[in-house]
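Heads up: the structure comes next, in structure tokens.
Please treat every number below as a calculation from the coordinates, not as lab data. Since the structure is predicted, the reported quantities are computational estimates derived from the model, not experimental observations. Here Cβ is always computed from backbone atoms with ideal geometry, including for glycine, and neighbour counts include all displayed protein chains.
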DNA sequence: CTGAAAGCGCTTACAG
DNA sequence: CTGAAAGCGCTTACAG
């Protein structure tokens, strides 16, 4: 592939210096808003810059000053609205803080994750916010640390060592959801959807805990792992309905799974919330207006993204500080599906 | 705000040159995979680089060579899965072509759009892919052109002049959807949701055309504009049901609107597809597993993003070529809601 | 096949 | 308060 053309970059600091009759240093100083330059001079410089159509070359500036105002964000699954909401919160907070974001999507592909991380490293970024792909080795933490790039990991924990992390209380949240189902009189409750992994185990633990608290025996046959997509959940729900007629409720891995369950239920002529209870997890925007509206566990996805941004910004400004975590407190939100 | 720290950048091309006993030029050449350098020398250089933990500073290289491998993508509404799917297709194609993407989200805020565009301009980007905010002035086209930055606009047209554009046949698509409703025997059909703007007018025109083709009089009272969100559509549907009991079907502005309608219908005890017909537009992933699955118009959102990427890449490699357009051909996909 | 030199657009001590 | 000079990490003619 040929080298791409790039925008004309005719006018530089040198040109405006000449036009304003000052030195490059003076122009640089006024561009940075320095108070060292007399008002009158500064005004003359700004006028010249305006007239010439000068545009600041931030990358050149960052190269010289060895600074960076860009942050890499890597997301594993943007097709799940939960991650889209996290991304929006994160991006908003980052640009408000004066950063610009490199965004890369990995589609749960480990190789692509390695590739985009390597590419970002070459870009002199100030930090990385990562929703790791399923199966990401813990060693990635050490690798990125060795690069000297601040990192915050989001949603999926990456081992037990200390690192900046923004996630939610998965166990507590699903325990809440399951306990609600039990309180409504359900005794045969499934745990539905999701792929095995750290988050799955935490949520499953919440399900088990709620059962145990109610004196209900845990039955491995009632946990139905499946792709955490609408389609995976839809198919899985159909199969469950056929093979486990006694089940009357499901604590779902997340809202997407719950939506798939709603769809399958409807297909079978079952009314969610009446004939079969379903609880979601996340409380994505869509949950408020599904058919029927979804009872779920709110972990405030957007706020989670903002929290991740805050952690990363703090790490950047205080590299030596101790790692910290944001764990969203789950809240039950009851609508019509359970 | 203090200047953010940046990663340690200890080792440079200079260091590896010293370690390998060659000049900087030679190192640069082998890094670029030039065939000018003897294999043995190249290997020695690569070995030294590896040993020293050298990492290429792409931004410095781009500054020197006045090239750019980064593209700015600005999206107006990531909370709509349609745009998320467009973004994913776009990003995938761009990184496959060796680019990295700056992503900014505008939340339909014109001021933020101007701000992120200005920021991206300072970053020496190779191109911009823009889903313009509602109310973006046509003049933006000229402005970006004057910057010398290749631009592709997506989804929402921006005036009548020639420019690279990726969108869909809105009029044809909604005509298809409306005609289907008519074929099913509906005579009192609403056009539901969406905010006035170029896309709205095109889709509304399709609705009118289908009515006219069937000899049904258009009634302005049957077009219900509303925020193109689940919530806006939900509330609007409820109001419509109350005030226009004769309406038995709706051609929706997009899938998100249709989902809101599904929710409202369910709330009223109406069965979508039986008691009231709903047609969507876009065919987002979620449409296949809503409750009930949504009949809609497929414009392949992901492919649209890929097409936008292709247009932009072409513009970058052939700046002088004539502007071109990708207009997705709509296809009816019939599921349960109509 | 490889090296010495200039320079991309900027910042930053250092003088004055 | 402002200018001259060096240099960030790289590339690219130009010699040899």
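Would you please state which residues of the range A:156-187 a label at residue A:219 would reach in this model, taking the label point 7 Å out along Cα→Cβ and a backbone N cut-off of under 16 Å? Those under the cut-off are A:182, A:186-187. Highest GNM mean-square fluctuation among B:99, B:56, B:253, for chain B modelled with Cα contacts below 10 Å: B:56. In terms of other Cβ atoms within 10 Å, B:282, B:219, B:77 run from fewest to most in the order B:219, B:77, B:282. Work out the P(r) tail for chain B: percent of alpha carbon pairs separated by more than 34 Å, whole number. Counting every Cα pair in chain B, those more than 34 Å apart make up 40 percent. Taking the Cα centroid of the range B:165-239 and of the range A:189-218, what is the distance between the two, rounded to the nearest whole Å? The range B:165-239 and the range A:189-218 have Cα centres separated by 45 Å. Here the Debye sum runs over all C-alpha atoms of the range A:185-338 as equal scatterers in vacuum, and log10 of I(q)/I(0) at q = 0.10, 0.13 Å⁻¹ comes out as -0.39, -0.61. How many times 2.2 N^0.38 Å is the alpha carbon radius of gyration of the range A:88-177? After normalising by residue count via 2.2 N^0.38 Å, the value is 1.16.
Looking at the range A:170-298 alone, DSSP beta bridges between its own residues are antiparallel in about 10 percent of cases. The distance linking the range A:277-338 with the range B:296-320 is 34 Å (Cα centroid to Cα centroid, whole angstrom).
Volume per residue for the range A:28-147 equals 137 cubic angstrom (convex hull of Cα atoms).
I'd like the FRET efficiency for residue A:43 and residue A:160, computed as 1/(1 + (r/R0)^6) with the beta carbon distance as r and R0 of 45 Å, rounded to 0.05.
Computed FRET efficiency for residue A:43 and residue A:160: 0.20.
Here is how far apart the residue B:242 label points are across copies: 4.5 nm, shortest first, using a point 7 Å from Cα toward Cβ.
Treating each Cα of the range A:23-88 as an identical point scatterer and summing with the Debye formula, the log10 of I(q)/I(0) at q = 0.18, 0.28 Å⁻¹ comes to -0.74, -1.20. Peptide A:310-321 shows a mean partner chain C-beta count of 1 within 10 Å per residue C-beta.
Divide by every residue of chain A the summed helix terms, -39500 (n - 2.57) for each DSSP H run of at least 4, and state the resulting mean residue ellipticity at 222 nm, rounded to the nearest 500 deg cm²/dmol. List each step's numbers first, then the result.
Numbers: 12 runs with 149 residues, N = 338.
It lands at -14000 deg cm²/dmol.
Tell me, how many Å apart are the Cα centres for the range B:87-125 and for the range A:16-36? Here the answer is 30 Å between Cα centres.
The angle separating the long axis of helix A:170-183 from the principal Cα axis of greatest extent in chain A is about 30 degrees. Summarising the label geometry, the points placed 7 Å from Cα in the beta-carbon direction at residue A:65 and residue B:64 lie 2.3 nm from one another.
For residue B:135, the point set 7 Å out from Cα toward Cβ sits 4.8 nm from its twins in the other copies, listed from shortest up. Helix A:301-317 axis versus longest C-alpha principal axis of chain A: approximately 40°, rounded to the nearest ten.
For the range A:69-175, relative contact order (Cα pairs under 8 Å, six or more residues apart, normalised by length) works out to 27 percent. Rg of the Cα atoms in the range B:13-56, relative to 2.2 N^0.38 Å, amounts to 0.95. Could you tell me whether the range A:229-273 comes out rounded, prolate or oblate from its Cα gyration tensor? Rule is a ≥ b ≥ c as square roots of the eigenvalues, rounded for a/c under 1.5, then prolate if a/b exceeds b/c, otherwise oblate. Taking the square roots of the gyration eigenvalues as a ≥ b ≥ c, the range A:229-273 is rounded. Each label was represented as a point 7 Å from its Cα along the Cα-to-Cβ direction; for residue A:243 and residue B:52 these points are 5.9 nm apart. Per residue of peptide B:101-111, the mean number of Cβ atoms on other chains within 10 Å of the residue Cβ is 4. Projecting 7 Å from Cα along the Cα-to-Cβ direction, the label point of residue A:38 sits 6.2 nm from its equivalents in the other copies, listed shortest first. What angle do you read, to the nearest 10 degrees and between 0 and 90, between the alpha-carbon axis of helix B:81-96 and the longest principal axis of chain B? Tilt of helix B:81-96: around 30 degrees. The listed peptides A:100-113, A:39-52, ordered by packing as a protection proxy, come out as A:100-113, A:39-52 (highest mean of other Cβ atoms within 10 Å first).
For the protein assembly as shown, the spread of Cα coordinates along the three principal axes comes to 75, 65, 54 Å, biggest extent given first. Residue exposure proxy: B:38, B:156, ordered by other Cβ atoms within 10 angstrom of their Cβ from fewest to most, comes out as B:38, B:156. Counting Cβ atoms of other protein chains within 10 Å of each Cβ in B:285-297 and taking the mean gives 6. Of all DSSP-defined beta bridges confined to chain A, some 10% are antiparallel rather than parallel.
Take every Cα pair under 8 Å whose residues are at least 6 apart in sequence, average their separation, divide by the length of chain A, and the relative contact order is 17 percent.
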